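The values are calculated or read from the model by the stated rules, or taken from the named source; none is laboratory data. Since this is a predicted model, take the numbers as computed values, not measurements. Neighbour counts are summed over all protein chains in view; Cβ atoms, including those assigned to glycine, are modelled from backbone coordinates with ideal geometry. With ligands, DNA and RNA removed, areas are computed over all heavy atoms of the protein, side chains included. Shrake-Rupley method; radii C 1.70, N 1.55, O 1.52, S 1.80 Å.
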Amino acid sequence: MARITLEDLERLGDESAAAAGDGSDSEDDQEEQGRLFAHWEAVASTHRVSLPRDMAGPIAQMARHSQAREPVPYVSLSQHGKCDEVAYEERRYPAGKWACVTMGEPLYEQSISMSFMKLMRYICKENSVGCHLGMTIPVLNEIHLTKEGTKLEREVLTAYYLPGEFQQNPPVPMDPEIHITERAPLRVITRVFYGMTTEETILREISHFWELLGSTDSVLQETYIVASYENPSIPQRRNEIWFICRAE
């Protein structure tokens, strides 16, 4: 399954944004949309998946808006590290409304890809206001470990934070598998890591983080969050592992 996510679309950069123009249905726009789709069809084929034709429109729209991203708001509570290098950071995220999709495919990569393609459609037009909503970062992927702690459970919840202008009145998704959820305030301990996000790399990063923190009962031990910021085509892209603090 191809990892079709918001960051993939950055690769085409300003050239794609300029070529896509103002979103009209001109011949040039149609040609550019076809080129974008062909690019992502090739990406999908390397992961042994057929990219749905109806993704052409959302892919083109996300490319046009790739430079406009709103960060999810948070407050930094503390930073820990040595020699001016931050090893991990404690943050508090306020309550807010998120669009969420849960998938349970055989591989982590498959679940997040299928979920985000649904969210792309919602962000781009398949919503009750019929317009592009705007992108926010990071996109969160909530994961659960098996009881043995050696594997990930299949179900992954992928969450997109509604931009500020839609927080009070979120557009209704046309897809019944997308749910608008009011998520409670969240306190997390975060650590940056770079590279691919697969089950293997995620489990390794969780293990490294536990070694760094040491024994503690202040965070959950079976549920974690992977926060995605950057383009998967970048070998050393930025991600974060979030350890979730227990309610006080």
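Contour minus end-to-end for residue 204 and residue 238, with contour as 0.36 nm per residue of separation and end-to-end as the Cα-Cα distance? Let's see the in-between values first.
Working: separation 34, 0.36 × 34 = 12.24 nm, distance 1.56 nm.
Full-extension gain reported as 10.7 nm.
With only Lys, Arg, Asp and Glu charged, each at its Cβ (+1 for the first two, -1 for the last two), find how big the charge dipole of the range 121-248 is about the Cα centre; round to the nearest 20 debye.
Values: 12 positive and 18 negative charges, 49 e Å.
In debye, rounded to 20, the range 121-248 gives about 240.
Across the options 128, 146, 112, the greatest Cα extent toward the positive end of the charge dipole of the range 73-148 (unit charges at beta carbon of Lys, Arg, Asp, Glu) belongs to 128.
Modelled spin labels at residue 53 and residue 74, positioned 7 Å past Cα toward Cβ, are 4.2 nm from each other. Note that the range 84-101 has calculated 3J(HN,Hα) couplings of 6, 9, 7, 7, 7, 9, 9, 10, 10, 9, x, 4, x, 9, 10, 8, 10, 9 Hz, one per residue in order, obtained from phi through the Karplus relation 6.51 cos²θ - 1.76 cosθ + 1.60 (θ = phi - 60°); glycine and proline are x. Assuming charge only on the beta carbon of Lys and Arg (+1) and of Asp and Glu (-1), the dipole of the range 138-212 about its Cα centre is about 240 debye to the nearest 20. Summarising the label geometry, the points placed 7 Å from Cα in the beta-carbon direction at residue 97 and residue 220 lie 2.3 nm from one another. Extending 7 Å from the Cα toward the beta-carbon at both residue 169 and residue 128 defines two label points whose distance is 1.0 nm. Surface analysis of the range 151-229 yields an accessible area of 53 Å² per residue, using protein heavy atoms and a 1.4 Å probe.
Just check the range 114-195 against the gyration tensor rule for me: Cα atoms, a ≥ b ≥ c as the square roots of the eigenvalues, rounded for a/c under 1.5, and otherwise prolate or oblate depending on whether a/b exceeds b/c. Here the range 114-195 falls in the prolate category.
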